[in-house]
């Protein structure tokens, strides 16, 4: 091979290698973000599995709080029917809101605080809420890494070529910083 053809061939090989490596990094980062969201969903599922038990325990003691129970059931149904990550985040926010109202109701009933099964379930749900918080943080970190890869030059060129776009972060629902109000 002539010297004059070696340099262009080497440049082409280097450029192709760069695109290949960058594409693999994009695939890895995207898959990691998706896998981390699956971890969040696993914790949501744990919460959804525990909530009916808690609701049934509480229902036996107080029948008049039917609106809170209905709101929880409807929110769980919306989550189950959600298809996209954004729809699931929105539906999870509704579950959290209804669940927060249930916890406020429970705080206002002294006989619930002493019920052993309610206390045990409440403890399990508190642990689950902590796990959800940790997994959401990990998800956002994973998305941050992916979004940086998609946005920074020169990997942004490869991302655009292969239709990789930024992923949305998990964000709390509006008014999440306000304590829920339950009126009797």
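Quick rundown of the values:
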{"item": "Rounded Å value of the spacing that divides the Cα centres of the range 127-156 and the range 73-93", "result": "20 Å"}
{"item": "Efficiency of FRET from Cβ geometry, residue 45 and residue 171, R₀ 25 Å, rounded to 0.05", "result": "0.75"}
{"item": "Label-point gap, in nm, between residue 160 and residue 141 - each point 7 angstrom along Cα→Cβ", "result": "3.2 nm"}
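Each reported figure results from applying straightforward, stated rules to the coordinates on display, with no laboratory input. No experiment lies behind these values; they were computed from the predicted model shown. Cβ coordinates were reconstructed from backbone atoms using ideal geometry, including for glycine residues, and neighbour counts include every protein chain displayed.
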